[in-house]
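Enquirer: My questions all concern the structure below.
The values are calculated or read from the model by the stated rules, or taken from the named source; none is laboratory data. Just so you know, these numbers come straight off a predicted model, no measurement behind them. Counting neighbours? That spans all protein chains shown, and the Cβs are built from the backbone with ideal geometry, glycine included. Please note that ligands, DNA and RNA were not included when accessible areas were found on the heavy atoms of the full protein model with its side chains. Shrake-Rupley method; radii C 1.70, N 1.55, O 1.52, S 1.80 Å.
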Amino acid sequence: MQVVIVAAVAVAVAVLAVAAVSVLRHRDAGDAQATGAATAAAQDVPDPTVRAVGDPIEVPVAPEQPFSVVVPDVGHLTAPAGAFASAGKVVLRRLAADAPDGSLVELGGTGVDVSFSGTSLRSPITITFDDPASGGRLPAGALPVMLHQASGGGWETRVAAGGPPQLVTTDFSPNLFGWIRMPDWVKGIGDSIADYATQRTDPRACPGGAPKWSSVNNKTTLVHLCAVTNTDASSKAVRAELQVQSNRRFFQWVNVAPGADYLWVADEQDWFRMALAKVSKRDKNRDVLIAGNGWLTAGYRQPEQSQAKAFNASLDYWSAGFSVGGAILGLDPRDTVQGSLLIVVQCADKLRTFPSFDSAKDFVRCFIEQSLTNLANPDKAFSQAVDLFGEAGYSTEAEQSLRKAITRLRFLGRLLKVIGVAGVITSTFSQLPDAFSQWGRDQPGAFTLQLSGSAASVTTFRTVDPWRDGSAGKAAAGQADADSSCIPSELASRRDGFRCFIGNDIYDPCFASGSDYLCAPLTMSGTWTKFTGVPRDAGFVNDGEPGRTDVFAVKLANGAECHRRSGSGPPGVPGYPYWVGGCSGGPFGDAGLIWRIGDGTGSAPNYPLYPTDDPKSWTAAVETAPGKVERLPVILAWR
């Protein structure tokens with residue numbers, strides 16, 4: 001005999017390495033469903049007594065004609081043109097059945113059997129159970145199924161997909177309509193997984209107040225970040241604490257930057273982190289698995305030299321396994337990780353080949369069956385855990401956590417035997433196709449805690465005076481044509497500061513002595529340029545005093561120099577909408593990185609710099625990568 005499945009399987013790569021079937025119909029007895037049905041316990045699948053009801057219904061058919069017939073108390077049977085090999089007739093017999101109460105599968109009305117005279121099938125017939133006497137009796141929330149008598153005389157269960165329920169088949173030994181009553185929590189499994197995919201988390205309250213020598217740059221939506229100050233109670237050492245909270249409803253990894261003074265993870269005990277690190281071959285102090293809406297904290301002291309502490313959020317088959325386990329068990333995060341660890345380890349190899357549907361089915365089956373096995377023989381499970389994790393790496397709390405879900409697991413175990421793993425996935429995880437398509441869009445994401453070094457924290461402010469500091473005697477002579485002129489500088493707003501238009505070039509800032517000007521070099525260690533006799537409007541000057549105006553150039557602790565520029569500049573980035581100038585030299589080379597400033601960042605005399613906790617230390621906001629702005633320590637500022 002042969003039964004056909006029409007399936008639309010949606011699989012996604014990154015998050016929950018499990019797949020589902022959107023419209024499940026049926027394969028032959030070799031499919032996992034039939035295999036599961038063959039081993040179902042007698043009390044789960046009934047052995048009904050079947051008898052014919054009423055007169056047979058005979059319908060003439062031909063290859064070129066579509067087929068459609070109403071069967072009282074059952075519904076409709078339909079097939080497209082071309083379904084029959086030759087002209088002949090179809091004989092339909094309605095079936096009544098009786099079975100003792102108490103089975104997981106309940107009979108729900110009249111069934112049907114079909115035979116053919118003078119013809120044979122080329123393609124399947126669809127049975128739609130839309131008669132009130134069959135599909136209309138389906139209890140709310142129940143899973144519609146077909147009880148099918150196999151060739152050996154035994155009965156197997158197939159999920160009837162669609163609404164109203166349908167069966168698509170090429171074989172018509174007796175088929176009886178029925179259902180399995182599903183507890184409310186089964187629907188909750190699918191709902192929770194849909195929530196995982198579509199919902200984000202609300203960020204925890206963030207008091208802020210991080211040390212001014214620290215700043216955060218977040219380039220991923222996978223997490224919420226909050227930076228605060230944490231002072232050690234005994235040593236009084238000040239730490240910049242980064243709080244990392246998951247912005248998803250599923251498990252994910254966070255790779256923590258090295259050098260933390262401390263690392264704390266919500267709802268995870270040390271034994272779990274040690275055990276998971278051992279089996280996943282990750283660093284317990286660097287790689288942290290956080291639950292949906294879970295969080296961690298890591299604190300760092302101010303280094304002598306500036307550092308960028310790089311973090312990364314990501315997903316893999318380990319995190320996927322815990323997400324599946326959490327959905328199946330329905331426990332809180334602590335019980336989920338404790339109860340799932342050994343099972344995920346025992347079944348993780350099933351997920352290594354995701355996103356194949358076979359991988360999905362294998363993992364779900366393994367997780368449910370292995371959970372029940374561990375509960376049935378806790379001593380053996382404990383022994384396996386000790387072998388895997390070591391004496392200190394496992395706790396009997398794992399069994400206690402798993403036992404909280406025993407009712408769910410036993411029911412899912414019975415479902416596995418009756419309708420197979422594909423049926424379990426469809427009946428409990430029906431939201432997965434759409435959910436996975438969204439989860440698969442989540443990509444690993446980086447975020448950074450920038451720490452300004454204490455050794456480079458003192459900023460020296462220098463008031464340029466090129467006419468007196470010796471620069472004039474070393475200046476290169478510039479040639480100004482008759483059209484040259486100077487106007488008050490936009491960058492050095494002191495009374496002797498000017499912008500000069502020399503031919504097609506613009507020099508800013510230049511500093512005047514009478515009608516002569518010394519114009520600043522591209523790097524402050526370079527050679528100044530002197531122009532003589534360039535006219536200007538003597539009444540049109542800035543009113544700033546030297547030493548009390550904005551900064552026009554800075555030298556960073558890393559050796560780079562930043563110079564202010566004017567004009568519209570490039571578009572802003574979040575938090576830093578304005579362009580100040582460009583930075584080059586040192587580690588930046590000739591890249592010409594963007595010097596930026598945000599709203600409300602102060603005014604002269606130290607604009608456009610940012611203050612720190614130390615009044616002697618100032619920073620400049622530099623876009624070190626597209627969209628990534630870091631506040632870098634300034635050791636020298638010119639104005």
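Enquirer: If you check GLY152 against the conditions, is it without any contact (Cβ under 8 Å) to a residue 12 or more places away in the chain, more than 20 Å from ARG94 (Cα to Cα) and not hydrophobic (A, V, I, L, M, F, W, C)?
Expert: The answer is yes for GLY152.
Enquirer: Hey, another quick one. Taking segment 584-611 as the search range and keeping residues that are at positive phi and part of a loop (DSSP other than H, G, I, E, B), which one is most open to solvent (accessible area, probe 1.4 Å)?
Expert: GLY600
Enquirer: Does segment 235-250 hold any residues that are open to solvent by 60 Å² or more (accessible area, probe 1.4 Å) and modelled with pLDDT of 90 or more, and which are they?
Expert: Residue satisfying the conditions is VAL238 alone.
Enquirer: Could you tell me which of the residues ASP232, ASP171 is more than 30 Å from ARG408 (Cα to Cα) and at pLDDT 85 or above?
Expert: Among ASP232, ASP171, only ASP232 is more than 30 Å from ARG408 (Cα to Cα) and at pLDDT 85 or above.
Enquirer: What is the one condition in (1) open to solvent by 20 Å² or more (accessible area, probe 1.4 Å); (2) farther than 14 Å from LEU176 by Cα; (3) part of a strand (DSSP E or B) that ALA97 does not satisfy?
Expert: (2)
Enquirer: Ok, one more. Counting only residues that are open to solvent by 20 Å² or more (accessible area, probe 1.4 Å) and more than 18 Å from PRO574 (Cβ to Cβ), which one in segment 612-631 is modelled with the highest pLDDT?
Expert: TRP618
Enquirer: Name every residue in segment 392-416 that is open to solvent by 20 Å² or more (accessible area, probe 1.4 Å) and either modelled with pLDDT of 80 or more or assigned to a helix (DSSP H, G or I) (or both), in order of residue number.
Expert: ALA392, GLU397, GLU399, GLN400, ARG403, LYS404, ILE406, THR407, ARG408, ARG410, PHE411, ARG414, listed by residue number.
Enquirer: What pairs come out if I take residues in segment 48-71 that are basic (Lys, Arg) and pair them with residues that are assigned to a strand (DSSP E or B) whose C-beta lies under 6 Å away, six or more apart or interchain?
Expert: Note: pairs meeting the criteria are ARG51/ALA96.
Enquirer: While we're looking at this one, here's another question. Output the residues belonging to segment 490-521 that are outside any loop (DSSP other than H, G, I, E, B) and among the acidic types (Asp, Glu).
Expert: ASP505, ASP508, ASP516 - these are the residues of segment 490-521 that are outside any loop (DSSP other than H, G, I, E, B) and among the acidic types (Asp, Glu).
Enquirer: Based on what the data block shows, is SER430 touching a helix residue (DSSP H, G or I) at 6+ places or on another chain (Cβ under 9 Å), part of a loop (DSSP other than H, G, I, E, B) and modelled with pLDDT under 85?
Expert: So SER430 fits the description; yes.
Enquirer: Those residues that are more than 30 Å from GLU64 (Cα to Cα), open to solvent by less than 50 Å² (accessible area, probe 1.4 Å) and part of a loop (DSSP other than H, G, I, E, B), I need them from segment 143-171; list them, please.
Expert: Selection gives ALA150, GLY153, GLY154.
Enquirer: If you check THR463 against the conditions, is it at pLDDT 80 or above and either within 23 Å of the chain's Cα centre (by Cα) or within 28 Å of ALA227 (Cα to Cα) (or both)?
Expert: For THR463, the condition - at pLDDT 80 or above and either within 23 Å of the chain's Cα centre (by Cα) or within 28 Å of ALA227 (Cα to Cα) (or both) - is not met.
Enquirer: May I ask you to list the residues in segment 100-139 that are in a strand (DSSP E or B) and under 12 Å from PRO48 (Cβ atoms)?
Expert: Residues satisfying the conditions are VAL105, GLU106, LEU107, GLY111.
Enquirer: Now for a separate question. For segment 309-329, give me each residue that is hydroxyl-bearing (Ser, Thr, Tyr), open to solvent by 10 Å² or more (accessible area, probe 1.4 Å) and not in a strand (DSSP E or B).
Expert: TYR317
Enquirer: Right, another one. Criterion first (of a type in the set (A, V, I, L, M), more than 43 Å from the chain's Cα centre (by Cα) and open to solvent by 20 Å² or more (accessible area, probe 1.4 Å)) does ALA140 satisfy it?
Expert: So ALA140 does not fit the description; no.
Enquirer: Considering only residues that are crowded, with 17+ Cβ neighbours inside 10 Å and either among the small types (Gly, Ala, Ser) or not in a loop (DSSP other than H, G, I, E, B) (or both), which ones fall in segment 558-571?
Expert: Correct list: ALA560, GLU561, CYS562, HIS563, ARG564.
Enquirer: Would you point out the residue of segment 513-544, among those that are of a type in the set (S, T, N, Q) and under 23 Å from CYS583 (Cβ atoms), that is least open to solvent (accessible area, probe 1.4 Å)?
Expert: Taking the candidates together, the pick is THR529.
Enquirer: Within segment 457-484, can you find the residues that are surrounded by 15 or more Cβ atoms within 10 Å (Cβ to Cβ) and in a strand (DSSP E or B)?
Expert: PHE461, ARG462
Enquirer: Also: If a residue must be under 55 Å from the mean Cα position of the chain (by Cα) and hydrophobic (A, V, I, L, M, F, W, C), how many such residues does segment 512-533 contain?
Expert: 5
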